[in-house]
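Trainee: Please read through the structure below; I'll follow up with questions.
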Amino acid sequence: MFSDRTNWRLTRNRLTEALEEVSSSRSRVIDLTISNPTRAGLHYDESRILQALASPQAMDYDPQPKGLSSARAAVAEYYRSSHGIRDLDPERLILTTSTSEGYSFVFRLLCNPGDELLVPKPSYPLFEFLADLQDVKLVPYPLIYDHAWQMDFPSLQKAVTPRTRAVVVVHPNNPTGSYVQAHEQESINSFCQQHGLALIADEVFLDYSHAETLQKSFVANREVLSFTLSGISKISALPQMKLAWIATSGPAAEVDAGLARLEVIADTYLSMNAPIQWAMPVLLEQSGDIQRQLLDRVLGNLAELDRQLAAQTTCQRLSVEAGWYTVLRVPVTQTDEELAVDLLRCKSVLVHPGHFYDFPSDGYLVLSLIAQKAEFAEGIGRFIELLMIDDF
């Protein structure tokens, strides 16, 4: 009765079962996987945000497939003021309800059923579901770690086939927190030119650099046909507002052809709602204050993690440049899932095992850095206590 594309394994994993057991028997679990900023104890300008959603203009139905021109102009202004990109034409923007929808539009634009996309590994597990729904095959290329994360270009060359249509980069990657470096961008552009491929850049965490300077956005990439995805879910820490975009760049003829087709796709769905679009300038204005709060939280928790890890030699934190997450390298005495389950059951601390993010082997845990500081410190302390158990 159901399609093969939705034939996913829907049974609960061991970690989910353990979480339900612990939650039902104890009053409090320290969640070091938290990804929802609206439940992380941040302070929003609630009245300003809610007032922006009450624009009388939202009562008028103005179906613009790319999104309202005022909202697209606000996105262009964000790139000008935050990233120094002064030549982004709002006409090169397509508004979507989420980056997931943006991915689906671009996958449909570029791929026939069975075509292939090269995607980084490790990375966010959502790609697999999006690809299944669009009848696209994902072919992973590894990110390798040697004091820092880097793209494995020999593996890219081995992975490309006549059915490859695009390369996906996540800038910065989730969960490794590694940017695509300038020399890697040059190499990936050359690779795409060599094989006639498009480039898809996910930049939802671009603004969350742990250094004082931001990395360059792929919105300015002109060498190959590029689709850059982002949105206010992370930029303004408002995932519930459902507003994202696709920015198209590259050779003029390819950009024009791609935009014409994307506009038809967007017109077919007309998924954007008016109140959110009219509120866009205000929602983007909120980004400065909320990002400062989040970066203070992230950097404070990272410093606390390093302080506590310095007291032991069992595990180490891997280098991270940006984003809300960090990766720990742990001894392989059991599977990552077994370790995460033990930590939950013995210490009431929830972390993600590395295989959730497609790490190639055991020995990795992924932690969120946006947990409230006191809880984060307590959770790390409990984790280290578990590591110190003799039979670990």
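The values are calculated or read from the model by the stated rules, or taken from the named source; none is laboratory data. Note that this is a predicted model, so its numbers are computed, not measured. Backbone-built Cβ (ideal geometry, glycine too); neighbour counts: all protein chains shown. These area figures cover heavy atoms from the full protein model, side chains too; ligands, DNA and RNA do not enter into them. Shrake-Rupley method; radii C 1.70, N 1.55, O 1.52, S 1.80 Å.
Trainee: Can you name every residue in the range 127-161 that is in a loop (DSSP other than H, G, I, E, B) and touching a helix residue (DSSP H, G or I) at 6+ places or on another chain (Cβ under 9 Å)?
Mentor: Scanning the range 127-161 gives GLN134, ASP135, VAL136, VAL160.
Trainee: Between a residue in the range 39-57 that is among the aliphatic types (A, V, I, L, M) and at pLDDT below 95 and any residue that is in a helix (DSSP H, G or I) and open to solvent by less than 40 Å² (accessible area, probe 1.4 Å), which pairs come within a Cβ distance under 8 Å, given they are 6 or more apart or on different chains?
Mentor: Here the result reads none, with nothing in the range 39-57 linked to a residue that is in a helix (DSSP H, G or I) and open to solvent by less than 40 Å² (accessible area, probe 1.4 Å).
Trainee: Based on what the data block shows, is ALA220 within 18 Å of CYS192 (Cα to Cα), open to solvent by 50 Å² or more (accessible area, probe 1.4 Å) and modelled with pLDDT of 95 or more?
Mentor: no
Trainee: Would you pick out the residues in the range 112-122 that are surrounded by fewer than 21 Cβ atoms within 10 Å (Cβ to Cβ) and either more than 30 Å from LEU318 (Cβ to Cβ) or not basic (Lys, Arg) (or both)?
Mentor: Passing the criteria: ASN112, PRO113, GLY114, ASP115, GLU116.
Trainee: Restricting to the range 354-381, name every residue that is within 20 Å of ALA322 (Cα to Cα) and not in a helix (DSSP H, G or I).
Mentor: ASP358, PHE359, TYR364, LEU365, VAL366, LEU367, SER368, LEU369, ILE370, ALA371, GLN372
Trainee: If the requirement is being in a loop (DSSP other than H, G, I, E, B), in contact (Cβ under 8 Å) with a residue 60 or more places away in the chain, over 13 Å from VAL168 (Cβ atoms) and of a type outside the set (Asp, Glu), which of these qualifies: LEU109, LEU88?
Mentor: After ruling out the rest, the residue left standing is LEU88.
Trainee: I would also like to ask the following. How about the range 1-84: which helices (runs of 4 or more DSSP H) wholly inside it have at least 3 residues that are open to solvent by 40 Å² or more (accessible area, probe 1.4 Å) and closer than 22 Å to ILE246 by Cα?
Mentor: Passing ranges, in order: 69-83.
Trainee: Name every residue in the range 317-331 that is over 14 Å from VAL366 (Cβ atoms) and either modelled with pLDDT of 95 or more or of a type in the set (S, T, N, Q) (or both), in order of residue number.
Mentor: Those that are over 14 Å from VAL366 (Cβ atoms) and either modelled with pLDDT of 95 or more or of a type in the set (S, T, N, Q) (or both): SER319, GLU321, ALA322.
Yes/no per residue for (1) without any contact (Cβ under 8 Å) to a residue 24 or more places away in the chain; (2) in contact with an Asp or Glu (Cβ under 7 Å, 6 or more places away or on another chain); (3) open to solvent by 20 Å² or more (accessible area, probe 1.4 Å):
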| position | (1), (2), (3) |
| --- | --- |
| GLU128 | yes, no, yes |
| ALA131 | no, no, no |
| GLN157 | no, no, yes |
| VAL167 | no, no, no |
| ALA201 | no, no, no |
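Trainee: Give just the number: which of (1) in contact with an Asp or Glu (Cβ under 8 Å, 6 or more places away or on another chain); (2) under 19 Å from PRO175 (Cα atoms); (3) surrounded by fewer than 17 Cβ atoms within 10 Å (Cβ to Cβ) does SER361 not satisfy?
Mentor: Among (1) in contact with an Asp or Glu (Cβ under 8 Å, 6 or more places away or on another chain); (2) under 19 Å from PRO175 (Cα atoms); (3) surrounded by fewer than 17 Cβ atoms within 10 Å (Cβ to Cβ), SER361 violates only (1).
Trainee: For GLU101, indicate whether it is open to solvent by 10 Å² or more (accessible area, probe 1.4 Å) and over 17 Å from the mean Cα position of the chain (by Cα).
Mentor: For GLU101, the condition - open to solvent by 10 Å² or more (accessible area, probe 1.4 Å) and over 17 Å from the mean Cα position of the chain (by Cα) - is not met.
Trainee: Going by the conditions given, is GLN291 in contact with an Asp or Glu (Cβ under 8 Å, 6 or more places away or on another chain) and open to solvent by less than 40 Å² (accessible area, probe 1.4 Å)?
Mentor: yes
Trainee: Among the residues of the range 191-239, count how many are over 18 Å from GLY323 (Cβ atoms) and hydroxyl-bearing (Ser, Thr, Tyr).
Mentor: Number satisfying all stated conditions: 1.
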